[in-house]
Structure formats: structure tokens, C-alpha cells
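Just so you know, all these numbers are worked out from the coordinates, no wet-lab data involved. As the structure is a prediction and not an experimental result, all values here were calculated from the model. Every residue, glycine among them, receives a Cβ derived from its backbone with ideal geometry; neighbour counts consider all protein chains shown.
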């Protein structure tokens, strides 16, 4: 934008509109200023109380200092009426926002009244939080609020993992909007099946899933392996001695090494899912994180397992 031939493009636009201006970085603010040096036709919308992306280089000062960026100073319009929430919730939000040392003074309000007030609840950890929410869901159901009238909100989809497991454990039905349920993700199923099978070699369902992770092993070959294990008095020895189809030998060798590693560990669940064990299973497709999402999910699974009492896997 400092190149005159390029910077002149600002004259082609009557209006420049920017949303979520509190999330812009310093370079983006400089580009905006270069487009419209005098500020004419520039409108930005933002909320300094929602400036949470500093780790992405966002600078809330872009918004806080925006009125004085131009001459004359920009006109400010406060959007204080909330059409979604209730006044007790907004009163709590106003109290929190008022503690900011640098902010645009504003008071959020709504014409929606409510007798319910927000609660500030202290919990020990994420597992305790999930138990508290599940208790609250059941308590409100007993008080007449149907499950379909209750909702839990999360900032991002993967934050719901601990609660999903707690609801599933208590057999509380729920529907998740925005992404797969944690336990329905293929890589999580793979990791759990791997651990379940090495803990109980007679579990054909887990074995069928794990065996097919090796490239070249299809349903028929997987069934042959499971049948051989069922026919043997020592299923572990039968597993390690089994000869896969020629096209699967390379992948099967790596998977067999991982299975042997986990089978030898004298460690009860859930300690077997500790991160070092997953790292050691690096050659297994089930435990190799090919994306950041998969890696984060497996780490979350390990954290959740660490908070559970030892249990028998069947």
C-alpha cells in the first residue's frame, strides 16, 4: 500500500467496511489507513470485550485507538442493546467488563427479563466440571425441564469431549451440533480399539477394526486372523505368529510390533493410554497423528483417561 500505484486504489472505493476489528493485527490496520488516509467512508465494527486473539497477533489497540486515528476523529455508535440474552446475564457481563483497565464504556441491556441468575461455580478440574454439568442436567430434568430443552455451549467443538464421555457413561442421551461426537471420530475409535484388543484378545470387534488398519488386510484376512486366534489356547501367540497376505507384510510388521509392545505392558487401564505409550506406538496408523486435530484428540483422550479410575475393558 506504500507503493503509490497500488495505494491509489483506495480512491476506487466509496466505502470500506471492516468487521471484528478487535481481531485485526498491526499490518492490517496500516493497510486500512493507507486505503483511506483521511478516514472518509471507513466504518469498522468491533468489541474490545471480545479481544481474545492476541496469540494470533491481533491488537485490540487498533480498535481502542481507532477514533483518534483520523482527523476529524471517528464518530462512535455504541451497540448496547442485546436481542438474544436476558438482563441477569447481561448484568453479570457488565460487571466483568467494567473491571477492564482500558475499554470503551458501555452498558449492555435487554428487555428480556428472567428470574434465573447466572452461577459462578468452582470445580477442581475438567472431569469435575463434566460431572457437575451432568448432575445439573439430571437435576433440572427431575424438576420438569426436558432434556431437549437443555443445552451446553462450548467455544470450540473439541472442548466438549469430557462432557460427552460423562454423558455417555451415565447413559444420558444428547445430540451434538457442530462436529462429530468425540468418541465417533475414526482416529479415537482406532486408538480405543487398539487398547481394548491388546487388553482382551478375545474381543473380535476391536480386533477386526485394528487388523484392518494395516494396508493390504481386508475383511477376509482380518476374519482369518481372528478365527486363528479363537482356535488357539494362546491367542497372543497366534496373533504374533500369523502370516498376513504378501501385500500387507510391511504394514503388518509395524502394527504387530505395536501390539506386542502393548500386550507386554503390565499396566491396567487407563494408564495404558498415557502419552508415552501412544508415542511408542508410532508405527501404528491408529496412533499416528497426521493432523493437529488428531494429535489434540489423542492427547485429550489420554488426559480424560488419566482422570478415570482403573476399569476392566471388555
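A few remarks follow.
- In summary, the convex hull built on the alpha carbon positions of the chain has an orientation-averaged projected area of 24.8 nm².
- Contour excess over end-to-end distance, with Cα ends at residue 200 and residue 247 and 0.36 nm allotted per residue: 14.2 nm
- Shape box of region 60-193 [Cα atoms, principal axes, largest first, Å]: 65, 39, 27
- The label-point distance for residue 240 and residue 71, in a model that sets each label 7 Å from Cα toward Cβ, rounds to 8.2 nm.
- Inverse of mean 1/r across different Cα pairs in region 4-69, Kirkwood, Å: 12.3
- The Rg/Rh ratio of region 1-131, with both radii computed over alpha carbons and Rh defined as the Kirkwood radius, is 1.10.
- Relative intensity of region 176-228 on a log10 scale, I(q)/I(0) at q = 0.15 Å⁻¹, equals -0.45, per a Debye sum over C-alpha point scatterers of equal strength in the absence of solvent.
- Using equal-weight Cα scatterers in the Debye expression, the normalised intensity of region 126-182 in log10 at q = 0.14, 0.19, 0.30 Å⁻¹ is -0.35, -0.65, -1.45.
- Estimated from helical segments only, the mean residue ellipticity of the chain at 222 nm is -12500 deg cm²/dmol, where each DSSP H run of four or more residues counts as -39500 (n - 2.57).
- Hypothetical label at residue 100: residues of region 8-43 whose amide nitrogen lies under 11 Å (7 Å Cα-Cβ projection): 22-23
- Interatomic Cα distance distribution for region 131-269, bins of 5 angstrom, percent: 2, 9, 16, 17, 13, 9, 9, 10, 7, 5, 3, 1, 0
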